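As structure tokens, the structure follows; a few thoughts come after it.
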Amino acid sequence: MKKRNNRLTIMFIPHYDSNPRSFVITHKAILIAAVISMLAVVSFSLLGNNYYFMLSQMDELKQLRIINDLQGEQILSLDEETKAISQELKSIEALDREVRSILELEDFQEILSEMEVPEKQHSLLSRGTSYDFPVPPETTGEVREGTFGLYEELDQIKIELPLTRAAMEDLKVLVEDKKEQLAGTPTIWPTQGRITSPFGERRAPYSRRIEFHSGIDIGASRGTPVYATARGVVEMAAYNGGMGRMVTIKHPYEHRTLFAHLTNYVVEAGDSVEKGDLIGHVGSTGFSTGPHLHYEVHVNGQPMDPMLFIPQN
């Protein structure tokens, strides 16, 4: 190898009987080769860094896919849960409307507030209830932790919904029983007028002796309508001596009512009547000093003061 005039001469001498060979390399060629080598090293270094970066990105992508699949499963599960709860709420709302209809009320919450029902069950019946679902977390661990509370709330609601339904079913039965009892109890005035003789001991208008008055007398004009004071079945509609034209009605719960001195009656024995149905008109038949209605209420065969059953106003 000889250096001459910025040139490098390399002589190659083979081991066999061949002639020696020489190569001449300029400094410029050496420089270019050095630059190319450096560029190659830098390129391989950059490629290595990018490769490891891409591997890390692929790992993160796999994690995101796992999270996405898990969240998808949880969304489907929550969708099924909320559909079931929504269906149960619709059923309870239908029951709510049915009870409102029975009570003929516009707002059932007032009645519900008087019941011994847990506070949480009250809230289930309120309108516009909303649930705050958590923001999707970034890792599978946080996904499980973030949705665990929500699943607990849904489980609690699923436990409380049947309790609320059971409470409302009980209330419905109670309301129906109370309404039936109210319909069969004489709780309205039989006619319009003023009381001229109360229930209890009094001086008889004809004999002037002290006697027991088993009802009340309501003074009214002849022909004033007389109404059934409760649901029941007419037992008698006939003329009955000193009572004049009289109607008796048998009601549920061992109640009976009697209407006497009528000028006429518009029912007959065996007729079913509802509270408020017209049964006759005020008159003065039988032993009577003037137009009035003699009205009695009996419970278990015993006469009771009608004023214990009807509004005082």
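The values are calculated or read from the model by the stated rules, or taken from the named source; none is laboratory data. These numbers come from a predicted model, not from an experiment. Please note: Cβ atoms are built from the backbone with ideal geometry, for glycine as well, and neighbour counts cover all protein chains shown. What goes into the accessible areas is simple: the full protein's heavy atoms, side chains included, and nothing from ligands, DNA or RNA. Shrake-Rupley method; radii C 1.70, N 1.55, O 1.52, S 1.80 Å.
Measuring between alpha carbons in the structure, the pairs from Lys172/Lys275; Lys90/Lys158; Lys172/Lys250; Lys83/Lys172 lying more than 20 angstrom apart are Lys172/Lys275; Lys172/Lys250; Lys83/Lys172. Between Arg203 and Lys178, what is the FRET efficiency for a Förster distance of 45 Å, r being their Cβ-Cβ separation, to the nearest 0.05? With a Förster radius of 45 Å, E is 0.65.
Using a simple spin-label model with pseudo-atoms 7 Å out from Cα toward Cβ, Ile159 and Ala40 lie 7.3 nm apart. Counting only protein heavy atoms and using a 1.4 Å probe, the accessible area of Asp59 comes to about 90 Å². Length gained on full extension, Phe287 to Arg222, computed as 0.36 nm times the residue gap minus the Cα-Cα distance: 21.9 nm.
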